[in-house]
1. Using beta carbons and a limit of 7 Å, which pairs, at least six apart or on different chains, have the first residue in the range 318-334 and farther than 17 Å from Ala367 by Cα and the second one surrounded by fewer than 21 Cβ atoms within 10 Å (Cβ to Cβ) and of a type in the set (Ser, Thr, Tyr)?
2. List the strands (runs of 3 or more DSSP E) inside the range 440-527, counting only whole elements, that have at least 2 residues being in contact with a Gly (Cβ under 8 Å, 6 or more places away or on another chain) and either surrounded by 19 or more Cβ atoms within 10 Å (Cβ to Cβ) or of a type outside the set (D, E, K, R) (or both).
3. Working only within the range 68-86, note down all residues that are within 32 Å of the chain's Cα centre (by Cα), closer than 13 Å to Arg133 by Cα and either assigned to a loop (DSSP other than H, G, I, E, B) or without any contact (Cβ under 8 Å) to a residue 24 or more places away in the chain (or both).
4. Looking at (1) on the phi > 0 side of the Ramachandran plot; (2) within 18 Å of the chain's Cα centre (by Cα), which one does Gly331 not meet, given that it meets all the others?
5. Tell me, please, whether a residue that is in contact (Cβ under 8 Å) with a residue 24 or more places away in the chain, over 30 Å from Ala546 (Cβ atoms) and in the same structural domain as Met423 (by TED's automatic domain parsing) can be found in the range 287-308.
6. Checking the condition closer than 22 Å to Gly164 by Cβ and among the acidic types (Asp, Glu), which residue from Asp387, Asp443 passes?
7. With (1) crowded, with 22+ Cβ neighbours inside 10 Å; (2) modelled with pLDDT of 90 or more as the list, and Asp157 as the residue in question, which single condition is left unmet?
Amino acid sequence: MTSRGLHRMIPRRGGRRKAVMLGVIGTTVVLGLGATMVPLLADDGLSIAVVADTTATAVPQDGDNSVKTTLATCPAPCDGNPRGAREAVLTFLVTKLPANAMNVRATLRVHAWQKFQATVTAHESRLDARAARPMPTPLGAALDTVTGVAKGFNEWDVSGLVTGNGIWTLSLAQAGLDTRIYWASGENRNPDLRPSLTISYDGVGIRPPSASPSVAPSPTVTASRPPASPTVSPSVSPSPARPSPTTTPPPPESGKCGTVSAKLVPGCGAWWGMYSPTNAAAGWDHGKAVSDVEKQVGRKFDIVHRYHDFSNTGSNGAFPDEFQQQQMREGRLMFFAWESRIFSSGTVLTWKDVYSGRYDATIDAVAGRIRAIGQPVFIGFDHEPEDEPAKGSDADFVRAWRYVHDRFADAKADNAVWVWTMMGWSGHYDRYAGLYPGDRYVDWVAWDPYNFHVCNGSTVWKSPSTTIGSFYRWLDQNGIGAGKPRMLAEFGTNMNAADPNAKRRWFEEFPAALKAHPKIKAAVYFNSAGMTKTTSTCNMMMNQNAAAVAGFAAAGRDSYLRQPTGGSR
């Protein structure tokens with residue numbers, strides 16, 4: 001939990017809120033055998049309930065449309081009001097579609113109570129379907145049209161947008177009748193009338209092997225120094241969501257130690273990583289900040305984690321810097337946590353700033369430097385977005401993430417491995433579905449678990465398994481990022497003043513906790529006091545004393561965390 005590379009301690013308040021649940025009508029996929037893609041018949045497919053809907057309108061008297069039992073469409077003028085145009089906006093979360101499903105077809109089904117001589121077209125939408133009354137915006141790409149609204153369910157083929165797992169938002173726009181048509185919403189008391197998305201596919205195929213089964217650990221990096229300040233581009237309309245140019249490969253088969261997938265998944269065990277900050281007194285030497293800890297624990301780290309901003313200059317914004325280039329030459333993997341803010345001034349950018357095109361020059365410059373690295377690197381955009389209310393809505397975050405990802409794809413920076421990092425706190429479980437950009441935009445799923453103990457006013461000492469296990473199980477139960485490798489992008493533990501060896505034992509127990517959660521393929525310690533106060537009862541540093549260092553070093557010697565590739569060699 002970091003801001004500008006500093007630890008951000010968030011009070012954990014309130015009870016667990018109900019998470020968004022998808023209604024998935026049973027599907028059975030028969031697995032195929034063969035050396036290449038083999039088409040197989042799928043069962044009845046997936047029927048997915050709407051997770052959010054609203055009516056976009058400029059009429060203030062409409063109230064909170066996101067909680068109404070009906071949606072409305074109407075052109076302008078509508079019922080004699082020149083400003084009365086309305087669009088029905090619907091969002092669906094698709095998580096259960098097999099990653100290698102073939103010939104995916106998606107049908108939007110929305111119920112009307114009467115027959116109308118009207119034309120209604122389904123469009124891709126960038127609006128927030130959870131907003132009370134979003135303003136209508138220029139329509140996205142048209143997907144399908146119903147000419148003549150039928151009483152009962154009307155259907156639109158939206159396969160042009162919904163091509164796999166992810167969050168998909170559509171809008172219905174009306175023409176040919178200047179009075180309102182009402183449609184059943186997700187809040188309708190009759191569940192049989194609620195909007196749904198029906199997905200079918202012809203079958204699944206066996207995924208071909210990755211073209212690059214291993215990763216060279218020691219690249220030669222050439223990165224040009226960027227301009228001192230980014231050039232601001234004029235505002236442009238963000239591009240529609242596009243598929244990633246490469247398909248996320250599955251994790252390598254267990255036991256194949258020494259292999260690394262194109263998305264940096266180790267063939268066995270897990271990467272061992274470190275975030276260790278520096279300061280002005282140390283000359284802002286980011287290399288020494290890591291190497292000093294490595295000397296203490298007797299090994300190199302596989303992953304070095306650093307936080308960067310949108311300044312596009314200096315070590316904060318013009319990454320990789322000289323320290324990271326040297327660390328890569330020595331065999332370490334980089335994890336760039338990229339924050340939409342300016343560290344030196346404290347300026348916080350909004351996600352609308354990002355997807356408006358205002359920072360395209362910065363995004364493109366970073367993409368160019370990443371491409372020039374010539375090997376896969378981890379990158380994450382705005383970790384822990386659930387703790388950034390000033391930046392915009394959850395839908396804004398998703399839109400900004402996709403926008404940045406798409407510009408990297410356009411720049412051919414295909415070596416960027418995208419890490420989606422959440423806090424993983426149960427108080428936000430109801431938001432994570434709406435914060436997930438979609439499978440094609442995410443390569444790893446990560447969260448930041450901590451055993452704060454008394455640092456946050458708790459009296460509970462959590463074991464490593466308890467610390468990391470809650471969100472791990474929630475991901476399993478809710479299907480977010482299904483099949484993707486997982487990472488502890490930050491983790492840490494406090495001391496126990498009543499037991500001087502408690503932190504040492506916690507570290508010694510950590511490898512066993514990872515083995516019990518085998519989808520976690522990387523763990524990065526956040527070695528900073530950050531915004532927790534270091535006191536006689538609170539110290540989150542892994543090297544606070546000799547006992548803690550001994551425990552951490554013991555964990556790092558475990559064979560599960562000593563990859564034949566990477567820094568641990």
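1. From the range 318-334, the pairs are Arg329/Ser218; Gly331/Ser218.
2. Details: elements: 444-447, 486-493, 520-526.
Ranges flagged: 444-447, 520-526.
3. Within the range 68-86, Lys68 is the sole residue that qualifies.
4. (2) is the only condition that Gly331 fails.
5. Within the range 287-308 (the criterion being in contact (Cβ under 8 Å) with a residue 24 or more places away in the chain, over 30 Å from Ala546 (Cβ atoms) and in the same structural domain as Met423 (by TED's automatic domain parsing)), the answer is yes, since at least one residue qualifies.
6. Asp443
7. Every condition holds for Asp157 apart from (1).
Residues checked against (1) among the hydroxyl-bearing types (Ser, Thr, Tyr); (2) out of contact with any Phe, Trp or Tyr (no Cβ under 9 Å at 6 or more places or on another chain); (3) under 18 Å from Trp461 (Cα atoms):
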{"position": "Lys503", "(1), (2), (3)": "no, no, yes"}
{"position": "Phe507", "(1), (2), (3)": "no, no, yes"}
{"position": "Lys521", "(1), (2), (3)": "no, no, no"}
{"position": "Asn527", "(1), (2), (3)": "no, no, no"}
{"position": "Thr534", "(1), (2), (3)": "yes, yes, yes"}
{"position": "Met541", "(1), (2), (3)": "no, yes, yes"}
{"position": "Ala550", "(1), (2), (3)": "no, no, no"}
{"position": "Ala555", "(1), (2), (3)": "no, no, no"}
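The values are calculated or read from the model by the stated rules, or taken from the named source; none is laboratory data. Note that the structure is a prediction, hence the values are computed from the model and not measured. Cβ coordinates were reconstructed from backbone atoms using ideal geometry, including for glycine residues, and neighbour counts include every protein chain displayed.
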